[in-house]
Amino acid sequence: MKKDLKNMNIKRMNKLSSLPELNIVFFSFLLNFAWEVLQTPFFHDISDKINTIVWYRFHCTVGDVMISLGSFWLVALISKTRTWLLNPTKARLLLFVAFGVSYTIFSEIKNVSLNKLWAYSDIMPVIPYIDVGVIPIIQWIILPPLLVFIVRRQLS
C-alpha cells in the first residue's frame, strides 16, 4: 500500500514538473534573481541595509516572473497552445521578447519618471527621449530566449 502511494506521488510530481507554467516560474525566478543582483550598481537603493536590498531584489524578481508568465500566456493565447515552448518559432520567440520589453518600458517610465519609486545610478545608460535604462531592456532581450531554451530542454 505504501509503495502504491509513493508511485502515485511520483506520478503526480511528474505531471506537475511537465507544466510549462511551473517551469517558467521556477527558471524565470532563478535567471531574473541573478540578473537583479548583478544590475544592483545601476540603481540607487533607498537603504544601505542588506536586508532591504535583498528584499527589493526579491520583490523585483517576483515582478519579473509575473512578466515572464504573462508574456508566456499571451504567446500561448495567440498560438492557441501552451506547449509553444516545445517548438518555438521565430515569431513566437519574438512575441515573447516583445511583450517583456514593452511592459518593461512602460514600467520603467511609470516607476522611475512618473512615480519615482526607484532611480538609476549615474552609471546607468539611458535611452534618450524616453529616459528608460538600457540594462532592464537588455534583460528582456537576453533572458526570455534563454528561458525558452532552458524550459524547452526541461520539458523535452
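No value in this document is a laboratory result; all are computed from the given coordinates. Note that the coordinates shown come from a computational prediction; the quantities given were computed from them, not determined experimentally. Glycine also receives a Cβ, built like all others from the backbone with ideal geometry; neighbour counts cover every protein chain displayed.
From the cross-link list K15/K49; K49/K116; K49/K90; K15/K110; K90/K116, which pairs have alpha carbons spaced over 32 Å apart? Going by Cα-Cα distance, K15/K49; K49/K90; K15/K110; K90/K116 fall outside the 32 Å limit.
Of the residues T83, P125, I53, the one whose Cα sits farthest towards the positive end of the charge dipole of region 19-155 is T83 (charges of +1 on Lys and Arg Cβ, -1 on Asp and Glu Cβ, taken about the Cα centre). With a cut-off of 13 Å on the backbone N, the residues of region 37-75 near the modelled label site 7 Å out from A98 along Cα-Cβ are 75.
Describe numerically, in nm with one decimal, the distance between label points set 7 Å from Cα along Cα→Cβ at D122 and at K49. With each label placed 7 Å out from Cα toward Cβ, I get 2.8 nm.
Relative contact order of the chain, taken over Cα pairs closer than 8 Å and 6 or more residues apart, is 30 percent. Remark on V132: its backbone amide H falls under 5 Å from those of I127, a criterion applied only to residues 5 or more positions apart or on other chains, H modelled at 1.01 Å from N.
Can you give the longest run of the chain that contains no chymotrypsin sites (Phe, Trp or Tyr not before Pro) sitting in a DSSP loop with at most 16 other Cβ atoms inside 10 Å? The longest such stretch corresponds to 1-117. The trypsin sites (Lys or Arg not before Pro) found in region 57-152 that occupy coil by DSSP, while having at most 11 further C-beta atoms within 10 Å, are K80, K116. Residues whose amide H comes within less than 5 Å of that of F43, counting only those at least five positions distant or on another chain, are S121 (H built at 1.01 Å from N in the peptide plane). Computed from point charges on the beta carbon alone (+1 for Lys and Arg, -1 for Asp and Glu), the dipole magnitude for the chain about its Cα centre is near 1180 Debye. When the square roots of the Cα gyration tensor eigenvalues are ordered a ≥ b ≥ c, the ratio a/c for the chain is 1.5 or more and a/b does not exceed b/c, which makes its shape oblate. If R₀ is 41 angstrom, what is the calculated FRET efficiency for the pair I109 and L86, using the beta carbon separation as r and rounding to 0.05? In this case the efficiency is close to 0.75.
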